[in-house]
Amino acid sequence: MLLDRSKAPEFVIPGDFDISNPTEFHTSNGIKVFLFSTPLLEAVKIEVICKSSKLHLPLSKFQVPSFTLQLLTEGTQRFSEEELSEFFDFHASEVHPFSGFSQEGINLLTTKKHLNSVLPVFLSLFIEAIFPEEKIQKKKALRKIGLKMEREKNASRASMLFRNCLFGSQHPYGQETLESHLDEVNREDLLDYYQTKLWNKAEIFVSGDFNSEEILKLMEELSAIPKVDLESKIAEYSIEGIESCQEEKPDSVQTSIRLGNWSIPKNHPDYIPLTVFNTVLGGYFGSRLIKNIREDKGHTYGIFSSLGEIDDHNYWVISADVQKQFRQEVLEEIDKEIRLLCEVPLDEDELELVRNYLIGQMLGKFSNAFDLVDRFKAVHFSGEDFSFYQRQLEFFRKFNSSDILEIGKKYFSKEKFIEVLVG
Amino acid sequence: MIPYQRHFLDNGLEVIIHEDHTSKIAVFNLLYKVGSRFEKTGKTGLAHFFEHLMFGSSANVPEFDRALERAGGSCNAFTSPDITNYYMTLPSSNLETAFWLESDRMLQLTLTEKTVETQRKVVIEEYKQRYLNQPYGDIWHHLRNLAFDVHPYRWPTIGENLADIEGYVHEDIWEFYKRHYHPGNAILVVAGNVNPKEVMNLAEKWFGPIPRGKVTNDIIPSEPVQRGRKEKVLERKVPTHALYKAFKMPARGQEGYLEADLISDLLGFGKSSILEKRLVRGGNDFASIGAYITGSVDPGLLVFSGKMSEGITASHAEASLNEVIQEFLSLEISENQLQKIKNQSEAMKSYESIQLLNRAMNLAYFAHLGNPDLYWEEFEKKSKIRPEQINNWANKLLQESQASVIHYQSIPS
């Protein structure tokens with residue numbers, strides 16, 4: 001029988017699937033540990049995530065947390081930087097300190113084979129770091145080059161300016177990092193942050209293949225992590241945003257665009273419908289923005305919209321690097337696409353498409369052990385667990401065009417959004 | 001180990017199946033054995049441009065992405081100097097959709113003028129975004145051009161210049177499609193929650209009827225032996241001076257290739273590597289430095305690249321780099337150093353195999369080199385290499401006469 005290629009194969013919409021929440025443990029000093037069991041997996045990941053104590057510092061010292069974390073592997077009471085680097089590299093283990101606006105911490109990626117050797121040394125970083133002066137100076141010099149680099153890149157610059165517009169330049173989350181901030185970093189401040197403020201409200205996320213005996217042992221070892229519980233600092237900073245910002249760069253052949261506004265948190269009843277609105281607008285390859293600006297007009301290599309958060313502050317933002325001479329047209333088209341979503345109901349075809357896409361992607365989002373941890377973290381800090389995704393999946397199955405219109409009317413019908421142009 | 005089955009259809013399509021029932025998804029990875037090394041001067045960037053065109057329409061599919069999204073899937077692709085690789089992830093229950101879509105565009109891509117012209121603009125914007133509008137973005141254009149005289153590795157996959165991308169005509173595109181996009185030039189890997197028998201049935205059903213293409217022996221100009229050091233100075237508005245120094249090295253699968261890989265690891269991978277230790281942490285010339293190989297099918301490059309600290313010139317930095325390399329050549333490599341690199345390669349295998357997509361891509365990539373087993377064979381061979389072997393090859397490869405050097409100088413903006 002000749003194959004009829006004109007007939008698309010049947011497809012089914014995947015059914016529900018179970019995701020079980022991680023098992024919760026406590027270290028003997030009371031730190032919460034979330035364990036994700038990953039049968040047969042050789043890789044082990046331990047993530048220690050803390051609430052940043054930045055707000056306890058003056059604005060000019062906001063580089064202190066990130067320097068404190070970066071310096072942890074630069075020497076301890078027992079090991080020099082060289083010995084630490086050699087040790088972790090020899091055991092094929094990666095230690096990654098990270099420092100965000102509202103969260104900070106340190107991760108260990110290793111293998112089951114090396115975990116027993118590596119863990120004690122990893123844990124020593126939590127209490128034995130010595131912050132050698134020359135290493136601090138070296139980091140500063142490197143960071144200064146990094147700063148220059150970010151300033152040169154239109155996309156990084158635009159993202160910074162967008163925060164600037166949201167919060168205002170005198171707000172901790174809106175200010176630009178300057179060389180003078182780096183100059184202010186000194187050893188005393190780092191030591192003080194390390195000894196009194198780092199590891200604030202730590203939580204530990206572990207994924208690996210462990211039996212119950214190994215789990216007990218692990219919990220015992222993780223008790224070496226100091227428990228710090230600082231009073232929450234109620235933000236003393238007021239938000240004084242600005243509407244738009246533009247930086248002309250005559251040499252640039254493209255313009256980086258950021259367009260967005262404040263938004264709602266994950267535990268808001270409208271948040272899940274908003275994720276669908278965002279997907280339709282610019283969250284996947286079939287989105288309105290991609291179809292219009294890239295696939296129809298060819299003005300950009302990529303344009304997308306996303307939902308973001310810093311601490312309790314939520315925003316949405318559209319990002320793109322576009323052909324310079326068409327940037328005004330692109331802005332108008334973005335505006336048009338948003339208005340259309342607020343005013344014209346999605347047709348059946350697009351509804352089916354985005355529905356099936358979202359449901360199908362949900363499966364892929366939970367397809368491996370490390371994904372699972374990331375998905376959990378993505379909602380945990382908003383006070384949610386995996387039931388968030390079950391609710392989301394339910395909504396994907398049943399939403400209709402009026403749900404999208406409603407989100408549009410409620411959150412996107414403003415005349416003007418925050419607008420940043422660089423390039 | 002990644003367990004797999006390997007079959008060939010009568011028309012030459014290689015089919016590899018890897019089962020993993022821990023999730024409900026499937027990965028559908030189709031590799032075409034074509035990259036920018038098959039391109040000709042004046043038509044550079046065509047392999048990558050063609051990758052964009054594959055997402056247009058085919059005889060029975062008006063929009064590739066929409067049809068896949070409707071079945072809950074997503075997709076992407078990349079082009080390298082050696083291969084073009086397309087991949088989809090979708091619910092395993094809808095696997096047949098992937099077969100339908102991918103076989104239709106292999107057999108009968110439409111290539112409408114609208115698709116060609118829009119994607120031409122999109123790729124030009126991609127070129128600007130990645131290579132023109134980024135600090136140091138044009139380095140690979142210059143480094144490749146300096147290092148290679150005749151081999152197509154002398155341009156990056158995006159293309160040598162914008163004019164080439166602007167200049168493709170319809171015949172170039174059709175000819176490229178006919179020549180490279182047929183079953184005998186492709187490797188399909190289906191991985192995930194799939195049943196091997198069913199996969200083979202689907203492969204026969206959708207790809208079986210596609211005629212075997214004409215396998216053409218493309219003659220790729222081989223690069224003559226380099227006679228003497230090459231050097232170029234660039235002046236750009238960038239934050240700091242940078243140095244790029246590339247040495248010629250053997251092709252993948254040839255003697256000396258794995259040794260070159262180990263040499264780059266020992267010298268320039270990780271915080272404890274020799275260069276990082278000596279030049280960044282123990283010295284004041286470099287803000288960063290690393291070493292890596294291009295890992296190509298034809299003889300490629302072993303590259304050292306670094307950014308200078310404030311006020312240090314690239315030529316001064318190069319002298320410091322040379323000093324460390326000379327020392328490396330004269331000293332014995334310790335068992336401990338070697339063991340470290342081997343531990344890292346072993347762990348890397350564990351880390352990268354967490355993702356189903358990585359496993360599928362690795363199977364396809366090594367099948368393209370000749371056999372999926374090469375993935376482990378390469379690793380095992382590498383594990384057995386002795387320190388003196390590395391030392392011999394280092395002395396052979398790291399010669400000034402084989403170097404191409406770019407001093408990338410920062411000028412005030």
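Jot down the radius of gyration and Dmax of segment B:230-410, Cα atoms only, both in angstrom.
For segment B:230-410, the Cα-based Rg and Dmax read 17.1, 50 Å.
How big is segment B:5-206 by the Kirkwood estimate over distinct Cα pairs, in Å? Intermediate results must be reported in sequence, preceding the final value.
Numbers: mean 1/r = 0.0560 Å⁻¹.
Kirkwood hydrodynamic radius for segment B:5-206: 17.9 Å.
In whole angstrom, how far apart do the alpha carbon centroids of segment B:137-191 and segment A:56-111 sit?
42 Å
Taking the Cβ of residue A:34 as the center, what net charge do the other residues with Cβ under 11 Å away carry, scoring Lys and Arg +1 and Asp and Glu -1? Mind dumping the intermediate values first?
Values: positive: A:32, A:377; negative: A:24, A:47, A:203, A:385.
It works out to a net charge of -2.
So how far, in whole Å, is the C-alpha centre of segment A:211-287 from the one of segment A:327-385?
15 Å
Mean residue ellipticity at 222 nm from the helices of the protein assembly as shown, using -39,500 (n - 2.57) per DSSP H segment of n ≥ 4 over the full residue count, to the nearest 500 deg cm²/dmol? Write down the numbers at each step before the final one.
Values: 28 runs with 333 residues, N = 836.
Result for the protein assembly as shown, helices only: -12500 deg cm²/dmol.
Name the residue, out of A:247, A:94, A:214, whose mean-square fluctuation peaks in a Gaussian network model built on chain A with Cα pairs under 10 Å.
Result: A:214 has the largest fluctuation of those listed.
Need one word for chain A: rounded, prolate or oblate. Basis is the Cα gyration tensor (sqrt eigenvalues a ≥ b ≥ c); a/c below 1.5 gives rounded, then a/b vs b/c decides. Let's see the in-between values first.
Numbers: a/c = 1.97, a/b = 1.30, b/c = 1.51.
The shape class here is oblate.
Nearest 10 degrees is fine. How inclined is helix B:387-397 to the longest principal axis of chain B, computing both from alpha carbons?
Result, in degrees: 90.
Report, by chain and number, residues whose modeled amide H sits under 5 Å from the one on residue B:57, excluding near sequence neighbours (fewer than 5 apart, same chain).
HN-HN under 5 Å from residue B:57: B:110, B:111, B:112.
Work out how much length residue B:376 to residue B:215 would gain on full extension: take 0.36 nm times their residue separation and subtract the Cα-Cα distance, in nm to one decimal. Walk me through the numbers on the way to the answer.
On the way: separation 161, 0.36 × 161 = 57.96 nm, distance 2.89 nm.
Extra length available between residue B:376 and residue B:215 comes to 55.1 nm.
Can you list the residues of segment B:253-292 whose accessible area drops by at least 30 Å² going from the chain on its own to the full set of protein chains, with a 1.4 Å probe?
B:271, B:272, B:277, B:281, B:287
Any idea what the relative contact order of chain A is, in percent, if you count C-alpha pairs under 8 Å spaced at least 6 apart?
Working: 677 pairs, mean separation 87.3, N = 423.
Once divided by the residue count of chain A, the mean separation gives 21 percent.
Rounded to the nearest 5, what % of the DSSP beta bridges within segment B:230-410 are antiparallel ones?
Values: 21 of 28 bridges.
Antiparallel: roughly 75 percent of the beta bridges in segment B:230-410.
Across peptide B:341-354, how many C-beta atoms of other chains are within 10 Å of each residue C-beta, on average?
Numbers: counts 3, 1, 8, 6, 1, 5, 11, 1, 2, 10, 9, 1, 4, 10.
Mean partner shielding for this stretch: 5.
By how many nm would the segment from residue A:177 to residue A:306 lengthen if fully extended, with 0.36 nm per residue of separation less the alpha-carbon distance? List each step's numbers first, then the result.
Values: separation 129, 0.36 × 129 = 46.44 nm, distance 2.39 nm.
Extra length from residue A:177 to residue A:306 when fully extended: 44.0 nm.
Express as a percent, rounded to the nearest 5, the fraction of DSSP beta bridges in chain B (both residues included) that run antiparallel. Before the final figure, lay out the partial values.
Values: 48 of 61 bridges.
Of the beta bridges lying entirely in chain B, close to 80 percent run antiparallel.
Are there GluC sites (Glu not before Pro) in segment B:114-159 that DSSP marks as loop and that have at most 10 other Cβ atoms within 10 Å, and which are they?
Listed in order of number, the matching sites amount to none.
If you roll a 1.4 angstrom probe over the protein chains with everything in place, what fraction of the accessible area of the protein assembly as shown belongs to carbon and sulfur, to the nearest %? Can you show the working numbers first?
Details: 17130 of 33920 Å².
That fraction is 51 percent.
Using only protein heavy atoms and a 1.4 Å probe, how much accessible area in total is buried between B and A, to the nearest 100 Å²?
On the way: alone 18780 and 21250 Å², together 33920 Å².
Summing both sides, the interface buries roughly 6100 Å².
Looking at the square roots a ≥ b ≥ c of the eigenvalues of the Cα gyration tensor of segment A:43-187, which shape do they give, rounded for a/c under 1.5, prolate if a/b is larger than b/c, or oblate?
On the way: a/c = 2.06, a/b = 1.77, b/c = 1.16.
Cα axes put segment A:43-187 in the prolate bin.
Answer rounded, prolate or oblate for segment A:32-98, using the Cα gyration tensor with square roots of eigenvalues a ≥ b ≥ c: rounded when a/c is under 1.5, else prolate when a/b is larger than b/c, else oblate. Intermediate values should be presented prior to the final figure.
Numbers: a/c = 3.30, a/b = 1.31, b/c = 2.51.
Here segment A:32-98 falls in the oblate category.
Restricting to bridges with both residues inside segment A:244-422, how much of the DSSP beta-bridge set is antiparallel, in percent to the nearest 5? Each step should come with its number before you reach the end.
On the way: 23 of 27 bridges.
Taking every DSSP beta bridge with both residues in segment A:244-422, the antiparallel ones total about 85 percent.
Here are some pairs, A:201/A:266; A:297/A:377; B:178/B:396; A:32/A:144; A:377/A:398; A:365/B:121; which of them have Cα atoms lying more than 30 Å apart in this structure?
Values: A:201/A:266 21 Å; A:297/A:377 38 Å; B:178/B:396 42 Å; A:32/A:144 37 Å; A:377/A:398 26 Å; A:365/B:121 32 Å.
Result: A:297/A:377; B:178/B:396; A:32/A:144; A:365/B:121 exceed 30 Å.
Can you list residues from other chains, or at least 5 along the same chain, whose modelled amide H is less than 5 Å from the amide H of residue A:36?
Placed amide hydrogens put A:206, A:207, A:208 under 5 Å from residue A:36.
Leaving out ligands and nucleic acids, note down the accessible area per residue over the protein assembly as shown with a 1.4 angstrom probe, in whole Å². Let's see the in-between values first.
Working: 33920 Å² over 836 residues.
Value for the protein assembly as shown: 41 Å² per residue.
Taking segment A:110-179, which GluC sites (Glu not before Pro) meet the DSSP loop condition and have no more than 15 other C-beta atoms within 10 Å?
Working: sites: A:128, A:133, A:134, A:150, A:152, A:176, A:179; in loops: A:128, A:176.
Counting only loop positions with at most 15 other Cβ atoms within 10 Å, the GluC sites (Glu not before Pro) in segment A:110-179 are A:128, A:176.
So the label point goes 7 Å from the Cα of residue B:195 along Cα→C-beta, right? Which residues of segment B:15-38 then have their backbone N under 15 Å from it?
B:19-21
What is the mean number of Cβ atoms from other protein chains located within 10 Å of the Cβ atom of each residue in peptide A:347-357, rounded to a whole number? Spell out each step's value before the answer.
On the way: counts 0, 0, 2, 1, 0, 1, 6, 2, 2, 7, 9.
For peptide A:347-357, the averaged partner shielding equals 3.
Output the 0 to 90 degree angle, nearest 10, between the alpha-carbon long axis of helix B:196-206 and the longest principal axis computed from the alpha carbons of chain B.
70 degrees
For every other residue with a beta carbon closer than 12 angstrom to the beta carbon of residue A:269, add +1 if it is Lys or Arg and -1 if Asp or Glu, then tell me the sum.
Details: positive: A:266, A:391, A:410; negative: A:270, A:403, A:406.
Residues near residue A:269 contribute 0 overall.
Residue A:314's amide H: which non-local residues (gap 5+, or another chain) put their own amide H closer than 5 Å, with H modeled 1.01 Å from N in plane and none for Pro or chain starts?
It is A:263, by chain and number.
By how many nm would the segment from residue A:371 to residue A:244 grow when fully extended, if each residue of separation counts as 0.36 nm and the alpha-carbon distance is taken off? Kindly include the intermediate steps, with their values, before the conclusion.
On the way: separation 127, 0.36 × 127 = 45.72 nm, distance 3.64 nm.
Computed gain between residue A:371 and residue A:244 is 42.1 nm.
So what is the relative contact order of segment B:230-410, in percent, for Cα pairs below 8 Å that sit 6 or more residues apart?
Details: 284 pairs, mean separation 70.0, N = 181.
Computed value for segment B:230-410: 39 percent relative contact order.
Starting at the first residue of segment A:14-27, write each ³J(HN,Hα) from the Karplus equation 6.51 cos²θ - 1.76 cosθ + 1.60 with θ = phi - 60°, in whole Hz, x for Gly and Pro.
Coupling constants for segment A:14-27: x, x, 5, 9, 8, 10, 9, 4, x, 7, 9, 10, 10, 6 Hz.
May I ask you to list the aspartates and glutamates whose Cα is less than 15 Å away from that of residue A:233, ignoring any residue fewer than eight positions away on the same chain?
A:311, A:312
For the peptides B:301-310, A:112-121, A:364-373, what is the packing order when you average, over each peptide's residues, the other Cβ atoms within 10 Å and list the highest mean first?
On the way: B:301-310: 23.0, A:112-121: 17.0, A:364-373: 19.3.
Result, highest mean first: B:301-310, A:364-373, A:112-121.
Please compute the net charge surrounding residue B:354, taking Lys and Arg as +1 and Asp and Glu as -1 over other residues with Cβ under 10 Å from its Cβ.
Values: positive: A:45, B:359; negative: A:42, A:371, B:352.
It works out to a net charge of -1.
Explain nothing, just the number: relative contact order of segment A:23-236, from Cα pairs under 8 Å at least 6 residues apart, as a whole percent.
Numbers: 338 pairs, mean separation 80.3, N = 214.
Taking the mean separation of contacting Cα pairs over the length of segment A:23-236, I get 38 percent.
Give me D for the protein assembly as shown in µm² s⁻¹, whole number, from Stokes-Einstein with Rh from the Kirkwood sum over alpha-carbon pairs, 10 °C and 1.306 mPa s.
On the way: Rh = 29.0 Å.
Once the numbers are plugged in, D ends up at 55 µm²/s.
Go ahead and set up a Gaussian network model of chain A, Cα springs under 10 Å, then flag whichever of A:279, A:177, A:23 fluctuates most.
Per the Cα network of chain A with a 10 Å cutoff, A:23 tops the list.
What trypsin sites (Lys or Arg not before Pro) in segment A:370-419 are in a loop by DSSP, with at most 16 other Cβ atoms within 10 Å of the Cβ?
Details: sites: A:375, A:377, A:391, A:397, A:398, A:409, A:410, A:414, A:416; in loops: A:414, A:416.
Counting only loop positions with at most 16 other Cβ atoms within 10 Å, the trypsin sites (Lys or Arg not before Pro) in segment A:370-419 are A:414, A:416.
So what J values fall out for segment B:71-83 if you push phi through Karplus, 6.51 cos²θ - 1.76 cosθ + 1.60 with θ = phi - 60°, rounded to Hz, Gly and Pro as x?
Running phi through 6.51 cos²θ - 1.76 cosθ + 1.60 with θ = phi - 60° gives 9, x, x, 9, 8, 6, 6, 9, 10, 10, x, 9, 9 Hz.
For A:82-89, what's the mean count of beta carbons from other chains sitting within 10 Å of each residue's beta carbon?
Details: counts 5, 1, 2, 7, 7, 2, 3, 10.
Across A:82-89, the average partner-chain Cβ count within 10 Å equals 5.
Residue-wise, which Karplus ³J(HN,Hα) couplings in Hz belong to segment A:138-152, taking 6.51 cos²θ - 1.76 cosθ + 1.60, θ = phi - 60°, and x for glycine or proline?
Once rounded to whole Hz, the list reads 4, 4, 4, 4, 5, 5, 5, 5, x, 4, 4, 4, 4, 5, 6.
When chain A is treated as a GNM, springs tying every alpha-carbon pair under 10 Å, which of A:159, A:93, A:252 comes out with the largest mean-square fluctuation?
Of A:159, A:93, A:252, the most mobile in the Gaussian network model is A:252.
The values are calculated or read from the model by the stated rules, or taken from the named source; none is laboratory data. Note that the structure is predicted; figures quoted are calculated from it, not measured. Because the Cβ atoms are built from the backbone with ideal geometry, glycine has one as well, and the counts that use them run over all protein chains shown. Accessible surface is based on the protein model in full, side chains and every heavy atom, while ligands, DNA and RNA are left aside. Shrake-Rupley method; radii C 1.70, N 1.55, O 1.52, S 1.80 Å.
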